[in-house]
Amino acid sequence: MYEIIANLIKESKKTTVITGDGISVGLQTINHKRKVDNQIYNGIHLTKLCNKDFDKSDNDFISYYRDIYKQISLNKPNRAHYIIEEWKNKKIIDLVITQNIDGYHGIKNVIELYGNINNFYCTNCKKKFNSKYYQKSYKCNNGKDNFKNKYTKCNGTLRPNIVLYGESPNHLELALFNIYKSDIVLIIGTEMSISPINKLPVMAKEVGAKLIAINKEPIESISNYIDYYIYGEDVIDVLEKLNNLIA
């Protein structure tokens, strides 16, 4: 099986990788959409706290996203991330579409469907801020001179540059465009249980792509479409074996 998959990837003209939180083995990382369904923070259900309509200046909202960033900042990308980055640099794969918000896939040839917790922006003037600023203040420091030559601060409320409940995934059309052009779609560390993301590999299959899945747990939602399947093994170990065959 490993040799077959390695050869398919090597011979592919365009390979797109889809990742989820299962790729971050050993890390306290966050798949934002998957993790909130049955959890509570300070007595508030996360489907409410992470909703687009929740007050962004509320102390619980601020402390929750500060805590998420602290979790992620304590870790670093693992060997699985480095292998995928190496494959990108060697043009073995062409694109990574990720459901994670940790930023561990870097910025090159990556579509972050749910955004990146390392980035924030003002809900009023849209000025961008990094997560370190948000740890100190949730208010915008942007300013300008008005027509009376008085300097005024925006003082808008910041929010994380991620997709909240009730918002649509980012760059979905771009992801779909690339999926349609792929002859291999490699699914790593995700059960593909969230719609509409779980439609992407199905659409690829419909236009002739081969689907390869690597996950610790079975991927029941699209199992009938998968051509080659490795599950029950550590994702990092699987990628190491494939990397040895591909390199």
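The values are calculated or read from the model by the stated rules, or taken from the named source; none is laboratory data. Owing to the predicted nature of the structure, the values given are computational and were not obtained by experimental measurement. Every residue, glycine as well, gets a Cβ built from its backbone with ideal geometry; the counts of neighbours run over all protein chains shown.
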- Item | Residue, nearest to N178 (Cα to Cα), within the range 205-247, restricted to residues that are modelled with pLDDT of 95 or more and within 20 Å of the chain's Cα centre (by Cα) | L211
- Query: S221 is checked against (1) farther than 21 Å from N89 by Cα; (2) in contact with a Ser or Thr (Cβ under 7 Å, 6 or more places away or on another chain); (3) surrounded by 19 or more Cβ atoms within 10 Å (Cβ to Cβ); (4) among the small types (G, A, S) and fails just one. What number does that condition carry?
  - Reply: (3)
- Does K35 fit the bill of being surrounded by fewer than 22 Cβ atoms within 10 Å (Cβ to Cβ) and either more than 17 Å from T190 (Cα to Cα) or at pLDDT 90 or above (or both)? no
- Message: Given the condition exposed (fewer than 14 other Cβ atoms within 10 Å of the Cβ), under 27 Å from K91 (Cβ atoms) and in contact with a Phe, Trp or Tyr (Cβ under 6 Å, 6 or more places away or on another chain), answer yes or no: does some residue in the range 228-241 qualify?
- Response: no
- Task: Mind listing whichever residues of the range 182-236 are among the polar types (S, T, N, Q) and part of a loop (DSSP other than H, G, I, E, B)?
- Result: S182, T190, S193, S195, N198
- In the range 151-208, the residues that are within 30 Å of Y228 (Cβ to Cβ), of a type in the set (F, W, Y) and touching a residue at least 12 places away in the same chain (Cβ under 8 Å): Y180
- Okay, strands (runs of 3 or more DSSP E) sitting entirely in the range 70-137 with 3 or more residues that are over 13 Å from the mean Cα position of the chain (by Cα) and β-branched (V, I, T), I get none
- Query: Consider T152 against the criteria (1) in the same structural domain as W87 (by TED's automatic domain parsing); (2) surrounded by fewer than 15 Cβ atoms within 10 Å (Cβ to Cβ); (3) at pLDDT below 95: it satisfies all of them except one. Which criterion is unmet?
  - Reply: (1)
- Item | Among the residues listed as I30, I23, I4, I18, the single one being surrounded by 21 or more Cβ atoms within 10 Å (Cβ to Cβ) and at pLDDT 95 or above | I18
- Any idea which of N130, N89 is more than 30 Å from K10 (Cα to Cα) and out of contact with any Lys or Arg (no Cβ under 6 Å at 6 or more places or on another chain)? N130
- If you go through I194, I162, the only one that is closer than 24 Å to E220 by Cβ, out of contact with any Asp or Glu (no Cβ under 8 Å at 6 or more places or on another chain) and at pLDDT 85 or above is I194
- Message: I'm checking my understanding of the structure. Among residues of the range 166-194 that are surrounded by 23 or more Cβ atoms within 10 Å (Cβ to Cβ) and among the polar types (S, T, N, Q), which one is farthest from the chain's Cα centre (by Cα)?
- Response: S182
